[in-house]
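A.B. asks: My structure is below; once you've seen it, I'll send some questions.
Read-outs: derived from the displayed coordinates by stated rules, not from any lab. Predicted, not measured: the structure shown is a model, and the values here were computed from it. Neighbour counts run over all protein chains shown; Cβ positions are idealised from the backbone, glycine included.
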Amino acid sequence: MKMTPQQFLDWESKSITLLAMSGAGKTTLANKLPKDKWFHYSADYRIGTKYLGEPILDNIKRQAMDVPFLKKLLLSDSIYIHNNITFDNLAPVSSFLGKLGDPAMDGLSIKEFKRRQVLHHQAEIAALNDVPEFIHKAEDIYGYKHFLNDAGGSVCELDNQQVLNNLAEHTLIIYIKTPKSLEKTIIARAKTDPKPLYYRESFLDEKLAEFMALNNYNDPDLIPPDDFVSWVFPELYKSRLPRYQAIADQYGYTIDAEEMAKVSGEEGFIQLIADAIRKKGNN
């Protein structure tokens with residue numbers, strides 16, 4: 001969706017999609033907006049509660065069945081297991097994705113890891129294609145005036161034109177660009193606390209082969225899972241930046257994360273977007 005700054009300011013029911021690397025400030029920004037006026041849609045939350053709900057529970061049950069005490073209770077229907085996914089706690093989604101590597105260190109085989117990556121890819125596409133429906137629901141059922149879509153960190157990896165066209169048709173796409181000063185912090189944090197991630201298959205194959213060659217591994221099952229995630233994150237980060245920018249250049253607008261961090265509320269947020277629209281129009 002493209003518009004002039006004035007058209008954006010006059011837009012009575014604003015629908016905005018935020019694109020950014022994890023840690024760029026999307027959640028912090030959402031928390032600064034009036035909760036009675038802005039409906040916050042999280043693609044990751046939708047993935048976990050709707051599209052990966054059953055596979056996530058199956059994974060948990062599979063682990064529980066390895067514990068004789070829990071196995072007996074599950075088989076007799078004496079207990080049940082459910083997720084407690086919230087906007088602020090997406091750990092079940094993360095734990096389902098898992099990490100590639102040594103099974104003795106809770107790693108996944110390459111076959112199982114790729115299977116879960118495919119399921120996540122499909123779920124993310126479905127969750128993002130639900131955005132138009134939720135824009136309508138947010139206003140029609142709940143009475144929210146504006147809509148904010150947190151598209152998740154891996155949206156630039158989907159290589160799905162239909163998703164981008166859908167988002168661009170129904171929302172104003174804003175890319176929060178990470179400045180160099182923040183890049184080091186994000187990378188350092190990710191290396192210190194490595195978390196499961198989604199990778200394009202071609203990227204994964206290339207970087208896994210490179211990592212194994214550098215460290216003399218001849219079998220992915222020998223890799224300490226955290227070692228690979230820590231090593232590959234800077235490579236993933238570097239590969240995602242031009243992908244985000246290409247989406248913004250074609251479909252939306254770019255805002256600097258440092259400028260976004262200075263926003264104290266709704267008025268500043270709206271003005272910052274209007275300025276980004278004006279800036280792009282003058283380029």
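A.B. asks: Among 256-264, 115-123, what's the highest-first ranking by average C-beta atoms within 10 angstrom per residue? Intermediate values should be presented prior to the final figure.
C.D. replies: Values: 256-264: 15.7, 115-123: 17.6.
Those peptides, ordered most packed to least, come out 115-123, 256-264.
A.B. asks: Once a ≥ b ≥ c are taken as the square roots of the eigenvalues of the Cα gyration tensor of region 158-283, is the result rounded (a/c under 1.5), prolate (a/b larger than b/c) or oblate (a/b not larger than b/c)?
C.D. replies: Prolate, since a/c reaches 1.5 and a/b exceeds b/c.
A.B. asks: What full-extension length gain, to one decimal in nm, is calculated for residue 246 and residue 218 as 0.36 nm per residue of separation minus the Cα-Cα distance? Can you show the working numbers first?
C.D. replies: Values: separation 28, 0.36 × 28 = 10.08 nm, distance 3.63 nm.
So the extension gain works out to 6.4 nm.
A.B. asks: For the chain, place one equal point scatterer on every Cα, skip the solvent, and apply the Debye formula. What is log10 of I(q)/I(0) at q = 0.08, 0.11 Å⁻¹?
C.D. replies: -0.38, -0.70
A.B. asks: Residue 77 label point, 7 Å along Cα→Cβ, cut-off 19 Å on backbone N: hits in region 29-59?
C.D. replies: What the label zone holds, given the 19 Å backbone N cut-off, is 58.
A.B. asks: Using a Förster radius of 41 Å, what is the FRET efficiency between residue 94 and residue 2 based on their Cβ-Cβ separation? Nearest 0.05, please.
C.D. replies: Details: r = 35 Å, r/R0 = 0.85.
For R0 = 41 Å, the calculated efficiency reads 0.75.
A.B. asks: Given the pairs 2/262; 114/195; 26/180; 26/111; 14/279; 145/262, which are separated by over 22 angstrom at their Cα positions? Mind dumping the intermediate values first?
C.D. replies: On the way: 2/262 25 Å; 114/195 16 Å; 26/180 17 Å; 26/111 33 Å; 14/279 20 Å; 145/262 24 Å.
Check vs 22 Å cut-off fails for 2/262; 26/111; 145/262.
A.B. asks: Need one word for region 73-161: rounded, prolate or oblate. Basis is the Cα gyration tensor (sqrt eigenvalues a ≥ b ≥ c); a/c below 1.5 gives rounded, then a/b vs b/c decides.
C.D. replies: On the way: a/c = 2.72, a/b = 1.44, b/c = 1.88.
Judged from the Cα gyration tensor, region 73-161 comes out oblate (a/c at least 1.5, b/c at or above a/b).
A.B. asks: What FRET efficiency would be calculated for the residue pair residue 261, residue 9, taking the C-beta separation as r and a Förster radius of 22 Å, to the nearest 0.05? Before the final figure, lay out the partial values.
C.D. replies: Working: r = 22 Å, r/R0 = 1.01.
Efficiency for this residue pair is about 0.50.
A.B. asks: While we're here: Under 8 Å for C-alpha pairs, at least 6 residues apart: give me the relative contact order for the chain, rounded to a whole percent.
C.D. replies: Values: 380 pairs, mean separation 95.0, N = 283.
It comes to 34 percent, rounded to a whole number.
A.B. asks: With r defined as the distance between the Cβ atoms of residue 278 and residue 31 and R0 fixed at 22 Å, what FRET efficiency is calculated, to the nearest 0.05? List each step's numbers first, then the result.
C.D. replies: Numbers: r = 26 Å, r/R0 = 1.20.
Once the sixth-power term is evaluated, E becomes 0.25.
A.B. asks: Between helix 225-251 and the chain, what is the angle of the helix's C-alpha long axis to the longest principal axis, kept within 0 to 90° and rounded to the nearest 10?
C.D. replies: Tilt relative to the chain: about 30 degrees.
A.B. asks: Need the C-alpha centroid separation for region 44-96 versus region 132-177, integer Å.
C.D. replies: For region 44-96 versus region 132-177, the Cα centre distance is 28 Å.
A.B. asks: Against the longest alpha carbon principal axis of the chain, how many degrees, from 0 to 90 and to the nearest 10, is the axis of helix 266-282 turned?
C.D. replies: 80
A.B. asks: Going by C-beta contacts inside 10 Å, put 22, 78, 109 in order with the fewest on the left. Don't skip to the answer; put the middle values down first.
C.D. replies: Numbers: 22 16, 78 9, 109 13.
Least crowded to most crowded, the residues run 78, 109, 22.
A.B. asks: Quote to one decimal, in nm, the extra length available between residue 192 and residue 140 on full extension: 0.36 nm per residue of separation minus the C-alpha distance between them.
C.D. replies: On the way: separation 52, 0.36 × 52 = 18.72 nm, distance 4.39 nm.
In short, 14.3 nm is gained.
A.B. asks: For the chain, find the longest principal axis of its Cα atoms and tell me its angle to the long axis of helix 53-64, 0 to 90°, nearest 10.
C.D. replies: Long axis of 53-64 versus the principal axis of the chain: about 30 degrees.
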